[in-house]
Amino acid sequence: RLAAAVHFGAIGLGTAVAGVGLLAHVQVVGSPAPAVATLAVFLAAGAVGSARAQRPFAAAAAQRRRCGVLAVVLMLAAALVPALAGVIGGAPLWSRLVVAGAAAGFLGYLLGSPFPGALALLGERLLVAWGWAVWAAFSVLGLAAALLVAATSGFATTLLAGAACFLVAGALAEVCG
């Protein structure tokens, strides 16, 4: 059970930390209305990713893949998003919205899938409630941790911390199944 708790905790922490790291770059679109639209794309894509993960991909190997792909994408984002924000910062609003919306949608989709994938691995009703509780607690703690990491080390480090969480979660996927 400890390994399963760490799996769920790493997913909750990683989702919160990575989300803060990614959404910090929404400022590239400028005014609040486009930023809110980008956030809406991020959240909607996360919902689609969650729905997709509930399909018959409830195998530990699929969960490891989801977490591994997400970790690699977050590491790439840590390197590329700041540079991309600098390049498109002076572009017309419509092009900034397209780039920010596409990035937010892609990353939101990926971030939406590990938690329902982990729930599908558990099976037992009592353990599902327990998994929700661990994930929720670490998601809340993750928001505070993300703000602290971002303030002290920058948003790229925040994305890397999220990637590390998903590497841990992927390594422990087998214990949930």
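The values are calculated or read from the model by the stated rules, or taken from the named source; none is laboratory data. Every value quoted in this text rests on a predicted model; they were computed, and no experiment measured them. Using ideal geometry, Cβ is built from the backbone for each residue, glycine included, and neighbour counts are taken over all protein chains shown.
Of note:
- Flag for Leu80 being at pLDDT 85 or above, under 25 Å from Ala37 (Cβ atoms) and surrounded by fewer than 20 Cβ atoms within 10 Å (Cβ to Cβ): yes
- Helices (runs of 4 or more DSSP H) (entirely within segment 64-157) containing at least 3 residues that are among the small types (Gly, Ala, Ser), over 14 Å from Ile11 (Cβ atoms) and under 16 Å from the mean Cα position of the chain (by Cα): 93-112, 125-153
- Residues being under 16 Å from Ala16 (Cα atoms) and at pLDDT below 90 - total across segment 152-177: 3
- Counting the residues of segment 22-56 that are over 23 Å from Ile88 (Cα atoms), modelled with pLDDT under 80 and surrounded by fewer than 18 Cβ atoms within 10 Å (Cβ to Cβ) gives 3.
- Residue check, Phe115 aromatic (Phe, Trp, Tyr), in contact (Cβ under 8 Å) with a residue 24 or more places away in the chain and closer than 18 Å to Leu43 by Cβ: yes
- Evaluation of Ala102 against (1) farther than 21 Å from Ala4 by Cα; (2) touching an Asp or Glu at 6+ places or on another chain (Cβ under 8 Å) (one fails), failing number: (2)
- All of Gly131, Gly123 fail the test of being more than 14 Å from Val20 (Cα to Cα) and surrounded by 20 or more Cβ atoms within 10 Å (Cβ to Cβ), apart from Gly131.
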